[in-house]
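Presented below is the structure to which this report refers.
The values are calculated or read from the model by the stated rules, or taken from the named source; none is laboratory data. Worth saying up front: this structure is predicted, and the values here are computed from it rather than measured. Note that we place each Cβ from the backbone using ideal geometry, even for glycine, and neighbour counts take in every protein chain shown. Surface areas here come from the heavy atoms of the whole protein model, side chains and all, with no ligands, DNA or RNA. Shrake-Rupley method; radii C 1.70, N 1.55, O 1.52, S 1.80 Å.
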Amino acid sequence: MQIIYSDQFSQWYVGTGECLDSIVAKRQQSVLSVNFATSSCSVRSVQARFVELWLYVIQRDITAEMKEKNPWHRPLIIFIAILIALGIIALVATAVVQNKPLQPQKYKYGIVLDAGSSHTAVYIYRWQAEKENNTGMVQQIHECDVKGKGISSYSSSVERAGLSLRECMEEAKEEIPIWRHRETPVYLGATAGMRLLRKENASVSDQVLSSVEGFLQTYPFLYQGARIISGQEEGAYGWITVNYLSDNFHKARATMGALDLGGASTQITFVSQQQVESPENSIYFRLYGKDYHVYTHSFLCYGKDQALKLAMAQQLQTSDLPLRDPCFHPGYSQERTVESVSSSPCVSGSPALSSHANFTHVGAGNGTLCHSAVRRIFNFSHCEWGRCSFNGVFQPPVEGQFGAFSAFYFVMNFLNLTSDTLEESKEKLGQYCSTPWAEIKQSYPHIKEKYLAEYCFSGVYILTLLEDGYSFTSDKWKDIHFIKKIGGSAAGWTLGYMLNLTNMIPAEAPDAPPLPHAGYVTIMVLFSLLLVVLLLLCLKLFCWPACTRSKHII
Ligand SMILES: Nc1ncnc2c1ncn2[C@@H]1O[C@H](COP(=O)(O)OP(=O)(O)O)[C@@H](O)[C@H]1O
Ligand SMILES: [Ca+2]
């Protein structure tokens, strides 16, 4: 069946159908009159035909009315169509840029060797080549612990100092893609063990450094030097590391103090609102457009191994032999040479020690007495400044949160004291120290005996250093967080050292950061919704009148 509209006569002529011979429809106002010339139609099919015609007429008239009222109809449709096209292009472009797969050759690498007093560790870092100036972008991807002792222990066979690094440097060659080797910087920083060796014998310490330098230069990496870093640098770079890894610089949040306990020195670094009275304890940084006035101090000889020597030397001078040490477990007994204690540059200058060659070191296991013995290695009596920590060193009151790492973590983690209050820690430590040595050895058969024997001393030393030395009172104890890693990267000075030497922390904030993930998702969803709405609108505006404009209904 066919309906034909004639503009000329404002009439619809309907072709003949199965049962209809002809239909002529005419509309005046809201009245539609239809003449059906039928031959054999039922009443129902004539009615249906009538309704169909009525709807068609109404639709046609509304469309005509809209066109008359809105001359912008067509341009509007074109505009919306352009918007939709642009929207689709924007969506695709954003998705492509945001989700661009990172190719392996987009990564850069850096190697830092931490030549500590007790051992050397090799760290490999990786970052995205184009995002060098963003915070939190550099990640540790590998750590290798060099077998044997620290490089300062090779003073009598210096050539072995370099060779000791072989295994870990071979691992570095494996870890870093070959095509990046030539541009991968290698830094070696030596800390308190080498500071002490330099004090004792500067020429031997130079020879040790030359040995590691010569060895590192045999590798295809970009050798950037081997040097003894200062205690101030060690503290500052540790502070940079923990705050970089916590993203505190980027977000301009309050920074976190850094507490580093090594074998031969210990560092405390934090931002203080109070004036730093002593210039040697004050460092200034401008990072990402913000100024930081930081307090730092490194106590040489107050790492836990040298502190033990200081405590033993102190006891050897004041008590009879055998040495009954309250910081070692009851039943512990060890033959030692006086030289093993007195040879340290931290201890030398104690004439009373030379009267014996050997002595027996016996454990007495008493936390309270151990605390008194440890306190004696600190000098709390003189201070030229407004406030001191110990040994006449200026220190403002501790402020804010602190990350305590390296031996602070190893010891407190072993003793299971990382989340206890100061009082609980003292109580638990007292019990641990009085536990018989045989029982301790039995309970921890896989732990190195040297570490195991010293955990009581180390625990008491840490509590004494933090409470009596730095004045972390009971209420401030909860602000100390014993940490090993932050987001997979070790807390320590090495990362901060590399970031600084590769200029990866700019003084001013870099340009606007790329879209964060949440922002990207929100924008994509909003754009998609907008596109759907536009599309529906366009369909309504474009298709409906277009369809109804047709003069034919089949
Ligand atoms: N698992 C562990 N348990 C206890 N102490 C540890 C453990 N691993 C390392 N240490 C100690 O951590 C300290 C690390 O100091 P190190 O970095 O070598 O010296 P420094 O920083 O003073 O040059 C050493 O005293 C070492 O014995
Ligand atoms: Ca260290």
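Before moving on, here are some points about what is shown:
- Over all other residues within a Cβ to Cβ distance under 15 Å of residue 117, the charged ones net out to 0, with Lys and Arg as +1 and Asp and Glu as -1.
- Gain on full extension, evaluated as 0.36 nm per residue between residue 98 and residue 157 minus their Cα-Cα distance, stands at 15.8 nm.
- Rounded if a/c under 1.5, otherwise prolate or oblate - the range 265-334, Cα gyration tensor axes: prolate
- Each of residue 448 and residue 251 was given a label point 7 Å from its Cα along the Cα-to-Cβ line. The distance between the two points is 3.6 nm.
- Linear extension gain, residue 532 paired with residue 473, 0.36 nm per residue minus alpha-carbon span: 15.1 nm
- Summed residue charge, Cβ within 13 Å of residue 148's Cβ, Lys/Arg positive, Asp/Glu negative: +2
- Accessible area of the range 230-310 divided out per residue, in Å², using a probe of 1.4 angstrom: 33
- Charge tally for residue 347 (other residues, Cβ to Cβ under 11 Å; Lys, Arg +1; Asp, Glu -1): 0.
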